[in-house]
Amino acid sequence: MARAAAARPADTPPPLPLLPKRRGIELALLVGAVLISVCGYLVVGLARGHALPGGAVRYGAGLAGLALLAHLAVRFRAPYADPLLLPTAVLLNGLGLVLIFRLDLDTPADHAAPTQLMWSTVGVGLFIAVVVLLRDHRVLQRYAYLCAALALLLMAAPILFPAINGAKIWIRIAGFSIQPGEFAKVLITIFFAAYLAANRSALAHTGRRMGRLRLPTGRVLGPIVAIWLISVAVLVLERDLGTSLLFFGIFVVLLYVATGRTGWIAVGLILAGVGAAAVGTLEPHVHSRVEDWQHPFAGIAAGRGPGQLAQSLFAFAAGGMLGTGLGQGHSYLIGFAMKSDFILATYGEELGLAGLTALFLLYALLVARGYRAALGLRDPFGSLLAVGLAALPALQVFVIAGGVTGLIPLTGMAMPFLAQGGSSVVTNWIIIALLLRISDRARTPRPEGGGAGNGSGSGLGGVVGSPVRSGAAGNGAGSRSGVVSGSRGGAGAGASSGSSGSSSGSPEGSLVAQDGGSDAGFGARSWVVGFLKPTRSQTPTRSQARTQPRSRNQPPTAPPPASADDAASPEAGR
């Protein structure tokens, strides 16, 4: 060891230790998730029929098979992915199947559990396809505007179809129905991440200052206002409060993360509040939900009996601390939406406050691991995409839980993995697949001496994070855009161009080289969560460069040696 250390130059950092893959931990957690779900299925059968349910073996084998296939895909195609994301998703999906099966016993004419298991199979199939086919998440950045166009098309499509339960959020053809807004939320998140990764400097450092808030120029602010108008238009035309709040909330979250300016949160809340108040007053369907939220027991006082929200509140109250037990509640009195919008009321009644706390902790774990993946990445697009995808279930759980508990007006959204709905469960599995792919990129060890980055970038196609196809090491200080994109992390992208070694000519080598170059200017600790202020760039200005003459025969200054920040982020190994 001493001889090897003496042979290594003094300025060369020691090689990074290999991070554990933790696929064995993931497999053990998957076994536990499947066993918990199967035990819940058995408990429901014993509580209602005093005998083991007949489909227990089929249900357990199906869920275990899906979990095993997903695990094998991750083990061989994303070996360094986060080991907690997949078990958490399997447990949530299994608990949702248990609750739907329990509610099927009270509605013999409408058995939704087999259909939900079929949609879960489709979701796991798409999960495997994303993990296997999507080798690098930065490929999605090239199709940002295509994703935006498809998202707008999917959002507008239900307007042409008749309303279901008062809202136009479904497309129903020949008995087959789909909710396109669920798929649109993933596409719009990809576009938001790409747009903000390309314009973060303009949003944070240019424009006119009003108090503590800096308003960007009209060219940069235009898309923000357009997104707000689109969300209000969705609310007006489709009468869907939940989708509007979700889309606009995701954009405000990503805007705050990209700029670190808390004033954008205040602006977003004001705009969302003004739009929701105006439409809630003028649109009859939304106005009726607001009235039910303000007066949940008005039906009882008028002699019409309790409404859905009142029955939901009664269910939570009956559950108490530990619940009535699986299969022993009366949440079926809620009515037609008990398996979708109000399935959380069934969970709260039969598992109590303790069960609700455990459920919310599972969702919090899912969101936290997504944020952990964002902290381990170097490219701005990947970090923003991970934050946006992790924020989707967080906002969705808040909107749904707030609606069924009377905190905010009711919306027509589905609880992630828990509620009945094929579009919802398929989309959530795609989100988990993308987060796993991003976490694998964040935790994968980078080869020592891994090439140089290119600091240049133009538009969305050439922003930081796009592959460098040349495969050669870059020399010099890089272009002006490269310096700007790298300045906030302390070490500019242009300064790190041509740092050490040379990348191979293959796309994989160029992507690894890019991680060591321009992406190094945006370290995970500098901006990704928006809590730390960006450090001032050490790159000399034009005037300073002119006052420092250089001999004609003097070679350009060599870039500084690689520092500890050029290594893999310590957050990636957790």
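The values are calculated or read from the model by the stated rules, or taken from the named source; none is laboratory data. On a predicted model such as this, the values are computed, not experimentally measured, just so you know. Methodologically, a virtual Cβ is constructed for each residue, glycine included, from the backbone with ideal geometry; neighbour enumeration extends over all protein chains shown.
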Here are some conditions: (1) surrounded by 16 or more Cβ atoms within 10 Å (Cβ to Cβ); (2) under 22 Å from residue 369 (Cβ atoms); (3) of a type in the set (Phe, Trp, Tyr); (4) without any contact (Cβ under 8 Å) to a residue 24 or more places away in the chain. Residue 76 meets all but one. Which one does it not meet? (1)
Checking the conditions here, which among 288, 340 is assigned to a helix (DSSP H, G or I), polar (S, T, N, Q) and at pLDDT below 85? 288
Condition check: surrounded by 18 or more Cβ atoms within 10 Å (Cβ to Cβ) and either outside any helix (DSSP H, G or I) or free of Cβ contacts under 8 Å to residues at least 24 places away in the same chain (or both). Does residue 83 satisfy that? yes
Within the group 64, 33, 28, which residue is closer than 27 Å to residue 323 by Cα and either surrounded by fewer than 18 Cβ atoms within 10 Å (Cβ to Cβ) or in contact (Cβ under 8 Å) with a residue 12 or more places away in the chain (or both)? 33
With the first residue restricted to the stretch 305-331 and required to be at positive phi, and the second required to be of a type in the set (D, E, K, R) and surrounded by fewer than 20 Cβ atoms within 10 Å (Cβ to Cβ), Cβ contacts under 6 Å at 6 or more apart or on different chains are 327/48
Taking the criterion of being β-branched (Val, Ile, Thr), free of Cβ contacts under 8 Å to residues at least 40 places away in the same chain and not in a helix (DSSP H, G or I), would at least one residue in the stretch 148-169 satisfy it? yes
Note: among 265, 300, just one is free of Cβ contacts under 8 Å to residues at least 12 places away in the same chain and of a type in the set (Val, Ile, Thr), namely 300
Of 172, 219, 209, the only residue that is under 20 Å from residue 421 (Cα atoms), at pLDDT below 85, charged (D, E, K, R) and assigned by TED's automatic domain parsing to the domain that holds residue 256 is 172
Which one of these is touching a Pro at 6+ places or on another chain (Cβ under 9 Å) and more than 24 Å from residue 374 (Cβ to Cβ): 160, 154? 154
